[in-house]
Amino acid sequence: MMDYLKLRASNFEIKIGDISYNKEIIKKAIKAAEKEGVNILLFPELSLIGASLYDGYKNEEIIKKSKDALIDLKRFSKDYDLIFSIGLVIKDGYDLFNTVLLIKSGDILGAFTKDKLKDYEKNIFSTKKIDCINVEDDFVVIFNQKSINIDGLNIALSIGENEYKEIADSLISKSEDKIDIVLNPASYIRYAGSFNDVKNKIEFLSQNTLYLSANSGLGESSTDFVYEGLNIIANDGKIKNYKRNESVDIVKGFDLNKKEFLDGHHFNNLVNDLEYYDKFPYLPKDCDKKMYVEDVFDIVSSALIQRMKAIGCENVILGLSGGLDSTMTLLFIVHAFKKVNLPFENIHLYTMPAFGTSKRTKSNAYKLSEALGIKLNEIVIKDSVNLHLKDIGHDGITKDIAYENSQARERTQILFDIGNMKNALVIGTGDKSEISQGFATYNGDHMSSYTLNSSLTKTELRYIVSYLVEVTENEDLRQVLDDILKTPISPELKSNDDGNISQKTEDIIGPYELIDFFTYEFLNNISAKEIYKKASVAFKEEYSKETIKKWLISFYKRLTNSQFKRSVSVDGPAITKISFSPRTGFMLPSDMSSKIFVESLETI
């Protein structure tokens, strides 16, 4: 079971050079953080003095007052369990160093110095390499480009522009050891467009680690610059949270194994219960929405174009139901065809209503094809399915699995046979959520020549389509996409006399937002109990713990029982990092039991 740490990146409205004032504000922030269960509190560089004092750092009074304040904060910290950072100027001989120290429970754990200096800092601070600094007769080790270990957790710290070297300090630390957390106390200068530069840099540097950056902001001198004031938290290459001149927090699970650091330090004040967990950790934040959607379309269209070129095919065929999956697939196809100037006449669309087809989805299939300017062909398959059921001795009345699956397989047969006639590639529509739960008819909608949605969950498809609703200038397209988003997800394989949707997939396999959450966490090798714990926090407003447990048990049973379908999945591009591809994705044996997962959950 993981232990949870709460981490905070924070700044405050500093008074430049007023060390006594800044020290008291820092103490208040430490007290508040401890009360709120924070384990690591990061302040900006030079947080004790201010980042814009220029030659004032050389003043002996400033240097002495800074060191006195540091010693006072060290003593003050004895009553507090959290790690916090302090940035100040340290004098060693004749040299001044822009220094950040980590303090915990009355001890200075280590120090870090900055050697990638802003132009105005080059006349002030030394870049000389030193091994340690002296604080109150204690020698504090310099950990530049190295990590500090506490409870088996490796923490690296890199000051400001040290992250903008040709090889960032944090990357050098990573090359030496596995780094769990990178701390970046900084004073980045703000200019037009600088947010994206900082964001992109941090996304790159936060690959496979948790990354906190705290920046100088309010109170700094505006003589020459304005400072970013950004507090940012990123994890595994994605920005999780950011604010200007406000604190940002994250609660993160780590396997702490009590390898005590220095004088027996370890984390005592752990977060026993998660206070918050993102319901959609696999979705980009709003600031990335446009870029994310454009990336997805570019990846999928490039993959489809390459496959068509490789086999010498300029036609595709698609079964268009009017549901979310086939809608997304068609939008991908249209984008690809526009990219290489292929005529839309080469997109062959078929709707194949049967016993369970609703008026709403059939109507949306026509509206969607019309909005995109593509002909939709209709083949009613009721008679052919009835004949097939009669041939195999089925009464045609009992709505069992054979009754349902015969419709899906008839549609697939039609698509492949027409595909042969038209030399067209049959495009599959199944998404990652359905693949995870095996919610597809084997050798029915489970099969195609090439598939496009296979590494995107139902929730991600909704996210993409909702963005298109916001930005499209095609009003007819906007209206039909909006209605498709509002339509309940259904296999539509059972009849309903009033022509409305009678089967709702989420009543059968569970809410897709839960399934997609479970799938994401499972693919990241999180234990069943841990997934339950996270889901119970993330969805506490939507579902009871009993409901979450019920659907999580169902998730594992369906996941393991349907591996045989995933083992013969067709080709399709990976859009997200982890897929269920039997070639390059997350692979399981087809005869694996769900017992180990279910037994673990039943003990809760």
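Residues in segment 172-186 that are farther than 16 Å from residue 212 by Cβ, assigned to a helix (DSSP H, G or I) and under 25 Å from the mean Cα position of the chain (by Cα): 172, 175.
For (1) assigned by TED's automatic domain parsing to the domain that holds residue 409; (2) charged (D, E, K, R); (3) within 35 Å of the chain's Cα centre (by Cα); (4) at pLDDT below 95, each residue gets a yes or a no:
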residue: 310; (1), (2), (3), (4): yes, no, yes, yes
residue: 313; (1), (2), (3), (4): yes, no, no, no
residue: 319; (1), (2), (3), (4): yes, no, yes, no
residue: 337; (1), (2), (3), (4): yes, no, yes, no
residue: 340; (1), (2), (3), (4): yes, no, yes, no
residue: 343; (1), (2), (3), (4): yes, no, no, no
residue: 348; (1), (2), (3), (4): yes, no, no, no
residue: 369; (1), (2), (3), (4): yes, no, yes, no
residue: 373; (1), (2), (3), (4): yes, no, no, no
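The selection criterion, being in contact with a Pro (Cβ under 9 Å, 6 or more places away or on another chain) and not hydrophobic (A, V, I, L, M, F, W, C), does not hold for residue 152.
Within segment 534-578, being of a type in the set (Lys, Arg), at pLDDT 90 or above, under 27 Å from residue 236 (Cα atoms) and touching an Asp or Glu at 6+ places or on another chain (Cβ under 9 Å) holds for one residue alone: 534. Scanning segment 580-603 for residues that are over 26 Å from the mean Cα position of the chain (by Cα), hydrophobic (A, V, I, L, M, F, W, C) and either farther than 18 Å from residue 550 by Cα or at pLDDT below 85 (or both) yields one hit, 592.
On the stretch given as segment 143-182, residues that are basic (Lys, Arg) and within 20 Å of residue 133 (Cβ to Cβ) total 1.
Do the conditions hold for residue 56, that is, is it outside any helix (DSSP H, G or I) and not basic (Lys, Arg)? So residue 56 does not fit the description; no. When residue 59 is tested against (1) more than 32 Å from the chain's Cα centre (by Cα); (2) at pLDDT 90 or above, exactly one condition is not met: (2).
For segment 386-437, a residue qualifies if it is out of contact with any strand residue (DSSP E or B) (no Cβ under 8 Å at 6 or more places or on another chain), assigned to a loop (DSSP other than H, G, I, E, B) and under 22 Å from residue 332 (Cα atoms), and exactly one does: 431.
Within segment 7-35, the set of residues being in a loop (DSSP other than H, G, I, E, B), in contact (Cβ under 8 Å) with a residue 60 or more places away in the chain and not aromatic (Phe, Trp, Tyr) comprises 10, 11, 13, 14, 15, 16.
The C-beta contact set for segment 190-206 (first residue of a type in the set (A, V, I, L, M), second residue in a helix (DSSP H, G or I), distance under 6 angstrom, 6+ apart or interchain) comprises 205/170.
Do we find that residue 66 is in the same structural domain as residue 7 (by TED's automatic domain parsing), farther than 24 Å from residue 150 by Cβ, out of contact with any Pro (no Cβ under 6 Å at 6 or more places or on another chain) and crowded, with 20+ Cβ neighbours inside 10 Å in this structure? Taking the combined requirement at face value, the residue satisfies it. Scanning segment 76-98 for residues that are touching a Leu at 6+ places or on another chain (Cβ under 6 Å) and within 23 Å of residue 20 (Cβ to Cβ) yields 82, 84, 85, 86, 87, 88, 89. For segment 210-232, name all the residues that are in contact with a Phe, Trp or Tyr (Cβ under 7 Å, 6 or more places away or on another chain) and either surrounded by fewer than 22 Cβ atoms within 10 Å (Cβ to Cβ) or over 15 Å from residue 197 (Cβ atoms) (or both). Answer for segment 210-232, where residues must be in contact with a Phe, Trp or Tyr (Cβ under 7 Å, 6 or more places away or on another chain) and either surrounded by fewer than 22 Cβ atoms within 10 Å (Cβ to Cβ) or over 15 Å from residue 197 (Cβ atoms) (or both): 214, 216, 217, 220, 231.
The residue of segment 428-466 that is surrounded by the fewest Cβ atoms within 10 Å (Cβ to Cβ), among those that are more than 29 Å from residue 314 (Cβ to Cβ) and among the small types (Gly, Ala, Ser), is 466. Where the second residue is hydroxyl-bearing (Ser, Thr, Tyr) and not in a loop (DSSP other than H, G, I, E, B) and the first is farther than 21 Å from residue 520 by Cβ and lies in segment 566-593, which pairs have Cβ atoms under 8 Å and are six or more apart or on separate chains? Final answer for the pair search is 570/450; 570/451; 571/450; 571/451; 593/560.
The values are calculated or read from the model by the stated rules, or taken from the named source; none is laboratory data. Quantities reported herein were computed from a predicted structural model and do not represent experimental measurements. Glycine also receives a Cβ, built like all others from the backbone with ideal geometry; neighbour counts cover every protein chain displayed.
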